[in-house]
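Engineer: So that we are looking at the same thing, I have put the structure below in structure tokens.
Every read-out reported here was derived from the displayed coordinates using simple, explicitly stated rules and does not represent laboratory data. Please read all numbers here as calculations on a predicted model, not as lab measurements. Note: ideal-geometry Cβ built from the backbone for every residue, glycine included; neighbour counts use all protein chains shown.
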Amino acid sequence: MKKAYLHNIKYAINKGFRLVIRDGEDGELLTKTYGYKEAKEAIESVDFTYIKWQRPTTEAEQSETGHLFKTLAVFAVILDYDQEPDETIADYGCNEYSEAWCHDYEMDCYQGRQYEQ
């Protein structure tokens, strides 16, 4: 079974989302990336992180909010010794993006689709 956080990274990148990885303890920014390797290394550099999925804002959104990116979903990742692969995502807010990822992860793990780790 693929580790949930690794599947999460690949899924987001395949959707074209930017990943913002923050240290869960102090909120320090670890990376902003569209790359799998950089996201994986940032997450694995600490025990507890948050993954934010973001997309660029439209011109209308930028003029309204002043932000260049919109956050779509946030996932808490805890890496503990000897945990099950599906336990690496410890928490996330429920919305259309996170629910779509969860469904895809379950399909990959429990319906025979497999990605390389």
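Engineer: Once every DSSP H run of n ≥ 4 in the chain is given -39500 (n - 2.57) and the sum is divided by its residues, what mean residue ellipticity at 222 nm do you get, rounded to the nearest 500 deg cm²/dmol? Intermediate results must be reported in sequence, preceding the final value.
Structural biologist: Values: 4 runs with 42 residues, N = 117.
Mean residue ellipticity at 222 nm (helix-derived): -10500 deg cm²/dmol.
Engineer: Return the long-range amide H neighbours of Thr57 (sequence gap of 5 or more, or a different chain), with a cut-off of under 5 Å between placed amide H atoms.
Structural biologist: Amide H to amide H, under 5 Å and 5 or more residues apart or across chains, Thr57 pairs with Phe69, Lys70.
Engineer: PRE reach from Asp82 (point 7 Å along Cα→Cβ): which of the stretch 1-30 fall under 15 Å by backbone N?
Structural biologist: none
Engineer: What ranking do Ile9, Ile78 get, fewest neighbouring Cβ atoms within 10 angstrom at the top? Kindly include the intermediate steps, with their values, before the conclusion.
Structural biologist: Numbers: Ile9 27, Ile78 15.
Going from sparsest to densest Cβ surroundings: Ile78, Ile9.
Engineer: Quick check: pseudo-label points 7 Å beyond the Cα along Cα→Cβ at Glu64 and Thr31, how many nm apart are they?
Structural biologist: 3.2 nm
Engineer: Moving on to the next point. I want to check a number: in the chain, how many lysine pairs have alpha carbons closer than 12 Å, given a sequence separation of 8 or more or different chains? Don't skip to the answer; put the middle values down first.
Structural biologist: On the way: Lys2/Lys10; Lys3/Lys40; Lys10/Lys37; Lys10/Lys40; Lys32/Lys40; Lys32/Lys52; Lys52/Lys70.
Step by step, the pairs that qualify in the chain add up to 7.
Engineer: Let me ask something else about it. In which sequence would Val20, Val77 go, from the one with the fewest C-beta neighbours within 10 Å to the one with the most?
Structural biologist: Numbers: Val20 20, Val77 24.
If I rank by nearby Cβ atoms, fewest first, I get Val20, Val77.
Engineer: Sorted by average packing, counted as other Cβ atoms within 10 angstrom per residue and highest first, what order do 44-52, 98-106 take?
Structural biologist: Details: 44-52: 17.0, 98-106: 15.3.
Final packing ranking: 44-52, 98-106.
Engineer: Further question: Starting from the exponent 0.38 and prefactor 2.2 Å, build the expected Rg for the chain from its residue count and divide its actual Cα Rg by it. Walk me through the numbers on the way to the answer.
Structural biologist: Details: Rg = 14.3 Å, N = 117, 2.2 N^0.38 = 13.4 Å.
Its radius of gyration relative to the 2.2 N^0.38 Å reference: 1.07.
Engineer: Now, a different point. Counting other C-beta atoms within 10 Å, and keeping those with at most 10, which DSSP coil chymotrypsin sites (Phe, Trp or Tyr not before Pro) do you find in the stretch 56-100?
Structural biologist: Values: sites: Phe69, Phe75, Tyr81, Tyr92, Tyr97; in loops: Tyr81.
Counting only loop positions with at most 10 other Cβ atoms within 10 Å, the chymotrypsin sites (Phe, Trp or Tyr not before Pro) in the stretch 56-100 are Tyr81.
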